[in-house]
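*Asks:* Got a structure here, written out as C-alpha cells. Questions coming.
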Amino acid sequence: MSKPSIQDEIAETCHYLGKRAIVLVGLMGAGKSSVGRRLAERLEVPFVDADHEIEVAAGKTIPEIFADHGEDYFREGERRVIMRLLENGKQVLATGGGAYMNSESRERIRDLGISVWLKADLNLLLKRVSKRNDRPLLKADEPALVLKRLIDLRYPVYALADIQVESRDVQHGQMVSDVIKALVDWPGLKANCDDA
C-alpha cells in the first residue's frame, strides 16, 4: 500500500474535522499566525487571528488596551472573543499566548475544536520576538527573562492541548505539513467526529 500524499492527508483532515476549529496555542513567536494562515489556505478553511479580532472589537491595538486598561481587562475581552469565534465552526484559529491559560476557554476549545500547541524553545522565541517591539508583556523586563518565566508558567498548561507540534526554524510550508501530519495521526481526529 502506497504512502498517502499530502493531498490525501488534507482531504482526510477536512473530512474528519467536521465543524470543529483547529485552535493554535503557544507563546508569542511560536508561529501561530504565520503557520495558521498557511494551514487555513492549505485546508481551504477560514483563518481567524484572535488578537486581530480583539483589536477590532475594542477599536484599539493590544498595546493600547494593556496601557489603558491593564492585563486583566484584556484577558476578559480575550476570553469573550475566543468564545464567540469558536461558534463559527470549521476554521483555523490562532490564539494569543495567554488565551489557553483561561480554564473556561480551554473547556470551550475542547468542546468545539482541536487544540494544537506549537511548542518552541527559548532561543527560537527570542529570535522571533526580537523582530517586533509591540509585545506588551516584553516591555517591563529583559525579553529572555520574561519568556523564560512564561515558559515555566504556561508550558505545563499548553501540554494539555490535544496535539503538540515542535515549532522549528524551517519554511512555513514544512510547519504546515508537520501540523497536518500530526492531525492525521491524532486518534481523536476520527473519534466522535461530526461530519459536516
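Read-outs throughout are calculated quantities, based only on the coordinates presented, and are distinct from any laboratory measurement. Keep in mind that this is a model prediction, so the values were computed, not measured. So basically every Cβ, Gly included, is an ideal-geometry build from the backbone, and we count neighbours across all protein chains shown.
*Asks:* To test your reading of the geometry: what angle, between 0 and 90 degrees and rounded to tens, separates the Cα axis of helix 172-185 from the longest principal axis of the chain?
*Replies:* Helix 172-185 sits roughly 60 degrees off the main axis of the chain.
*Asks:* While we're on this one: HN-Hα J couplings of region 88-97 from phi, Karplus 6.51/-1.76/1.60, θ = phi - 60°, integer Hz, Gly and Pro as x?
*Replies:* Values, residue by residue: 7, x, 4, 5, 10, 10, 8, 9, x, x Hz.
*Asks:* At what distance in nm do the modelled label points of residue 56 and residue 5 sit from each other, each positioned 7 Å from its Cα along Cα→Cβ?
*Replies:* It works out to 3.5 nm between the two label points.
*Asks:* Okay, moving on. Return the long-range amide H neighbours of residue 25 (sequence gap of 5 or more, or a different chain), with a cut-off of under 5 Å between placed amide H atoms.
*Replies:* The answer is 116, 117, 118.
*Asks:* 222 nm [θ] for the chain, helices only, -39500 (n - 2.57) per DSSP H run of 4+, per residue, to 500?
*Replies:* Using -39500 (n - 2.57) per qualifying helix, the result is -16500 deg cm²/dmol.
*Asks:* Given 0.36 nm per residue, what is the gain on full extension from residue 76 to residue 121 after removing their alpha carbon distance, in nm?
*Replies:* 13.4 nm
*Asks:* Give me, ordered by chain and number, the residues 5 or more places off residue 162 or on other chains with an amide H under 5 Å from its own placed amide H.
*Replies:* 115
*Asks:* Give the Kirkwood hydrodynamic radius (Å, one decimal) of the chain, defined as one over the mean of 1/r across all pairs of different Cα atoms.
*Replies:* 17.1
*Asks:* How many nm is it between the label spots at residue 15 and residue 186, if each spot is 7 Å from the Cα in line with the beta carbon?
*Replies:* A separation of 1.9 nm, rounded to one decimal place.
*Asks:* Given a cut-off of under 8 Å on Cα pairs at least six residues apart, what relative contact order in percent is computed for the chain?
*Replies:* Relative contact order for the chain comes out at 35 percent.
*Asks:* Tell me, in nm to one decimal, what length is gained between residue 68 and residue 84 on full extension, where the rule is 0.36 nm per residue of separation less the Cα-Cα distance?
*Replies:* In short, 3.4 nm is gained.
*Asks:* I need the phi-derived Karplus couplings for region 116-125: 6.51 cos²θ - 1.76 cosθ + 1.60, θ = phi - 60°, integer Hz, Gly and Pro marked x.
*Replies:* 10, 8, 8, 8, 10, 7, 4, 4, 5, 4
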